[in-house]
Structure formats: structure tokens, C-alpha cells
1. Output the residues belonging to the stretch 392-404 that are under 13 Å from residue 445 (Cβ atoms) and assigned to a helix (DSSP H, G or I).
2. Can you confirm whether residue 498 is within 19 Å of residue 10 (Cβ to Cβ), among the aromatic types (Phe, Trp, Tyr) and either assigned to a helix (DSSP H, G or I) or at pLDDT below 95 (or both)?
3. Any residue in the stretch 44-59 that is within 14 Å of residue 23 (Cβ to Cβ) and open to solvent by less than 60 Å² (accessible area, probe 1.4 Å) sitting within a Cβ distance under 6 Å of a residue that is charged (D, E, K, R) and assigned to a helix (DSSP H, G or I)? List the pairs, counting only those 6 or more apart or interchain.
4. I want to confirm something. Restricting to the stretch 429-456 and keeping residues that are among the aliphatic types (A, V, I, L, M) and touching a helix residue (DSSP H, G or I) at 6+ places or on another chain (Cβ under 6 Å), which single residue is farthest from residue 2 (Cα to Cα)?
5. Please work out if residue 378 is open to solvent by 40 Å² or more (accessible area, probe 1.4 Å) and at pLDDT 90 or above.
6. Could you please find all residues in the stretch 309-331 being within 27 Å of residue 366 (Cβ to Cβ) and surrounded by 15 or more Cβ atoms within 10 Å (Cβ to Cβ)?
7. Working only within the stretch 88-123, note down all residues that are among the hydrophobic types (A, V, I, L, M, F, W, C), over 26 Å from residue 32 (Cα atoms) and in contact (Cβ under 8 Å) with a residue 60 or more places away in the chain.
8. In the stretch 446-467, is there at least one residue being in contact (Cβ under 8 Å) with a residue 12 or more places away in the chain and assigned to a loop (DSSP other than H, G, I, E, B)?
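The values are calculated or read from the model by the stated rules, or taken from the named source; none is laboratory data. Since the structure is predicted, the reported quantities are computational estimates derived from the model, not experimental observations. Heads up, the Cβs are rebuilt from the backbone with ideal geometry, glycines too, and the neighbour counts pull from every protein chain shown. Just the protein is used for accessible areas: all its heavy atoms, side chains included, with ligands, DNA and RNA removed. Shrake-Rupley method; radii C 1.70, N 1.55, O 1.52, S 1.80 Å.
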Amino acid sequence: MVSPHGIKLAVYLISSYFGDLNAKVCDCLLRRGTQTLYQVVSSTELSRTNVKNCLLVLIHHNCVQAFALRQQGGFGEEPKVITQYMAVFDNIIHKLRFPKFIEIVSEEMGKECEEIFEGLLQHGRLSLTEIIERYKEASKQGDSSADAARDSFNSLVNARFVERCPAPDPLLEPPAAEETAAKKRGAKSAKIQAQTMEEQALAAAAPMESMRFLVEDIWNDSVERADKRTTDVKCGMKRKQGDLESNTKDSATGEKEVLWRANFEEFIRRLRHKACVANVKVRVNNDAAIVLAATLELSRHSETKLRIDNSVPQSINAIYDEVIKREGGLGMDLERIRASLDDLGCEAPLMEIDETYSVDLKNIIEQARIEEVESIVLKRYGREAYRMFRLLSKADRLVETDKISDTTFVEKKDAVKILFKLWKDDYLEMKKVIARAAKQSEFILWKINKQSLWEHILDEMYHAALNLRLRITHEKEQEKEILQMPKDKLVGELGNKYMRLRKVCIVLESSLMNLDDSLMLFHDF
């Protein structure tokens with residue numbers, strides 16, 4: 001379930017990129033959940049044509065996933081197949097991270113790969129032919145740059161930065177039929193039924209792992225077809241509506257072309273690993289951070305899902321070989337590596353014959369979240385509140401007011417005020433206990449419910465991110481005349497205004513990027 005401010009932020013992002021009509025359709029899907037075309041038309045009060053065009057654009061940019069649901073017909077009627085539409089909230093919010101994704105590609109793959117990847121982010125989905133044509137036009141080298149474009153594209157796919165697009169409308173069977181089949185297959189299938197309909201649709205649409213990063217040898221055919229037609233996908237331009245409607249087929253031959261898109265999962269995985277290493281470097285030491293980075297590099301391609309609790313087990317020799325390749329790791333021997341693994345909480349194997357280690361990533365993320373919330377409490381409520389919150393965080397159970405006051409050396413009267421303020425702002429849970437003895441007494445107990453607190457903090461962060469985006473837009477709107485002027489005319493007072501706007505935007509955008517790091521910590525990691 002998406003929080004209220006999360007929905008507002010997502011809708012604002014869609015409005016910024018694709019306009020108000022698309023934002024209205026997106027808002028409907030986020031607030032009401034999965035809808036049919038008829039339901040979206042009814043809820044938004046837009047024309048059927050407008051809604052269809054909006055859904056087409058949102059699907060093409062990976063913000064909406066369509067799927068077909070087979071429903072049982074009435075007596076003597078054939079089953080009906082109804083197309084449903086669901087908003088993919090995560091992909092919408094990822095638009096905040098496009099600069100980070102581009103930076104990763106630029107650092108690891110080079111300028112050529114960056115240009116191709118940026119085109120995929122701009123257009124949402126492209127075929128190989130369209131990618132190459134766009135690259136040729138941007139490089140202004142004609143056919144001579146086609147080989148370089150293909151090599152760069154292959155590099156992006158091999159690094160898993162680019163993947164095949166999901167199926168446009170996978171078919172889901174009726175729940176009743178699936179439940180019957182689950183009973184026959186047993187408990188394992190019953191566990192699969194715990195997925196929501198939306199999760200089942202995303203899983204059904206995803207390409208098989210064996211096909212997900214497969215580049216077929218269609219290069220020569222693609223070049224021939226590209227020469228026979230004029231592409232409408234140019235650098236800096238959006239694709240035309242006709243191309244959107246037929247973007248799974250080649251216009252020259254009628255054969256289906258593979259569409260490609262950015263693989264957001266791989267970027268979030270890398271950013272998750274980076275956040276874990278940064279946290280360990282500050283909380284433990286530099287040696288532990290080097291060993292963790294080496295372990296995660298070895299296990300990255302073996303991870304089957306994004307949010308794994310423990311890294312894939314790696315042998316001590318493999319870890320050592322990777323550690324010495326890293327800056328600061330050349331002087332580390334096996335004993336120092338074992339000591340660092342112990343600092344990371346890895347248990348030593350019982351038998352040295354098969355000496356493998358796995359790092360508890362879930363605990364590292366948990367510690368990073370706690371530290372983030374503690375810093376918020378410190379800034380917002382003061383040092384005494386920070387000490388009390390930290391005590392409850394470490395205790396992870398109900399603690400009585402007197403115990404909190406005595407342990408943190410805060411006067412009981414002040415402690416009660418602070419605790420009630422934290423409770424009022426949804427940072428703590430309170431429980432009253434009445435002791436019925438000779439004299440009836442009432443005790444107030446306090447506890448941190450981490451799951452509900454993470455959700456509350458996340459919603460606050462969405463709110464802050466929305467405010468930053470609105471402020472950036474407001475600042476640019478105020479000085480839009482200056483932004484439209486040629487740079488050679490920005491002198492004197494106009495030059496000062498331009499520099500002031502530039503500095504303000506840099507500060508606001510940097511703050512938004514830093515805030516997004518915390519957003520990912522609570523939502524994506």
C-alpha cells in the first residue's frame with residue numbers, strides 16, 4: 001500500500017514528465033488500485049480516447065503494466081478475458097534516480113554507453129534498430145558508428161544495466177481455478193497464492209531469466225531494415241504516437257522486434273550494496289568495508305532477488321582474491337580478512353575444508369535505518385529525546401517511564417513530556433498497565449514499533465521530496481524569462497539573478513539527491 005504523500009509525489013513526477021492528463025490517469029490507478037479501461041474512464045471523467053492514449057504512454061515508459069484476467073462467464077457463456085491496468089509505483093519513483101543511474105553507467109561503461117542508456121531513459125522502450133539510429137544521429141558519424149553502438153549496447157546488456165521489456169499483457173487465470181490447482185499441488189503452491197494479483201501479473205510479465213539478457217544475432221537484418229526506413233526516434237525528441245501503437249513490430253517486415261529498457265533492479269542492487277559498504281565503513285572500520293565490498297561484488301550476479309537477507313556464500317580464497325584487487329586491500333592477509341568477517345557478524349565455519357562466509361545484509365540495513373531515525377530525532381526533538389529513543393531502540397521491548405528516566409538521566413517530568421511528544425508524532429507506541437494490589441497503580445510503558453515507524457518516516461520523506469521538487473519548480477518559474485535568455489545577455493543584474501538561481505537549484509537538487517538516498521533505505525533496500 002502506497003502512503004498518501006508517496007502517491008502525491010508519484011503523481012507530481014508523472015505530471016512533470018508527461019502532463020496533467022497522464023497524471024490524472026496515474027492518480028486514479030494509484031488511489032483506486034487495479035482498474036479496467038471502463039473504470040478509469042468513469043473515475044477520471046476523461047474521454048475513452050484520452051484514457052487509452054494516456055495508458056499507452058504510461059505503459060511505454062514502464063509506469064503502468066497491463067494484464068489480462070480470465071473471468072468465468074454466466075450460465076452457458078464463454079469465459080471473458082478482461083484487460084486490467086496497474087500503476088507500477090516503484091518505476092515512477094525511480095525517475096528521481098535517473099541522474100544516479102546515468103552516473104553509474106558513465107563511471108563504469110564510458111561515454112558511448114551513457115548516450116545509449118540516456119536514450120532508453122528518455123524514451124522508455126526502444127528496439128535495437130531504434131537505439132542504433134538514435135546513436136548514429138547523436139554521434140553524426142553515419143553508418144561508421146553503427147558497430148560502436150552495437151558494442152556499447154552489448155556491454156550494457158552484459159552488465160545487466162539493460163533488459164528485455166516485460167510481456168505487454170500476460171494472461172492470469174481466475175483465482176478459483178488457481179486455488180483448486182493449488183490444493184492439488186500442495187503447500188508449495190499455497191505459498192505462491194500469498195502473492196497479490198498485481199505481484200502475480202508482474203511475475204507473469206517478466207521475461208524468463210534465460211531470455212532476459214539475451215541479445216539475438218539480428219544485427220545485419222536490423223541494419224538492412226534501418227536503411228529502408230526513416231526513423232522518428234531522434235536525439236532529444238519523443239517518439240510519435242503511431243510508433244507507440246506499433247512498437248512491438250517492425251514496420252518493414254511485420255516481424256516482432258525485441259524491445260529493451262533500463263533494468264532498474266540492477267541499479268538499486270548496486271546502490272544497496274554501496275549503502276551497506278558506506279554504513280559499515282563508518283560503524284565498524286575501513287577493513288570491514290573493503291571485505292564487504294569484495295564479498296558483494298562476488299555475489300552480485302548470483303543474487304536471485306533484490307532484497308536478500310544474506311549475501312551468497314563465498315569461499316575465503318575467492319574473497320581474498322577480490323580484496324587484494326581493491327584500493328587499500330593489497331596489504332590484507334587471510335587473518336585480517338577473517339577478523340573483518342568476524343566484525344561483520346559472520347560465523348566461523350566448523351570445518352576449514354569448506355571455509356565459506358555469508359554476510360547478514362538485513363542487519364546492516366536495519367542498523368542504517370535506526371541510525372537515520374535517531375539522527376532525525378536528535379535534530380527535531382533534542383539530545384534528551386535522542387537518548388530515550390536510542391534506549392528504546394536497543395531494548396526492543398516495552399519499557400516503563402521511570403526506567404527510561406533513570407537510565408537516561410532525564411527528570412521524570414521532562415521525560416514524560418518528551419515521550420508524549422514522540423508518541424503524538426507517531427515515533428513511539430504507548431501502553432497503559434494498571435496494577436491492582438492494595439493500592440491501585442497505573443504504569444505507562446513505551447516501545448518502538450519499527451515496522452510502523454519505518455512507514456511513517458517514509459511518508460514524511462515522500463512529503464519532503466515533494467516539497468523540494470515543488471520549490472525547484474517554483475524557483476525556475478519565477479525566473480523563467482532569465483532562463484530563456486541567451487547567456488551572452490546575462491550581464492549585470494540579470495547575471496546576478498542567474499547565478500543566484502543556479503546556486504539555489506544546485507542546493508535544492510543536492511538536498512533532493514541526499515534525501516533520495518534515505519528514501520531508498522526505507523523503501524527499496
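1. 392, 395, 401, 402, 403, 404, listed by residue number.
2. No, not satisfied.
3. Taking only residues 6 or more apart or on different chains, the pairs are 44/24.
4. Within the stretch 429-456, the match that is farthest from residue 2 (Cα to Cα) is 444.
5. Values: open to solvent by 40 Å² or more (accessible area, probe 1.4 Å): yes; at pLDDT 90 or above: yes.
Yes: the conditions hold for residue 378.
6. Residues satisfying the conditions are 311, 312, 313, 314, 316, 318, 319, 322, 323, 326, 329.
7. Answer for the stretch 88-123, where residues must be among the hydrophobic types (A, V, I, L, M, F, W, C), over 26 Å from residue 32 (Cα atoms) and in contact (Cβ under 8 Å) with a residue 60 or more places away in the chain: 101, 104, 117, 120, 121.
8. Yes - at least one qualifying residue is present in the stretch 446-467.
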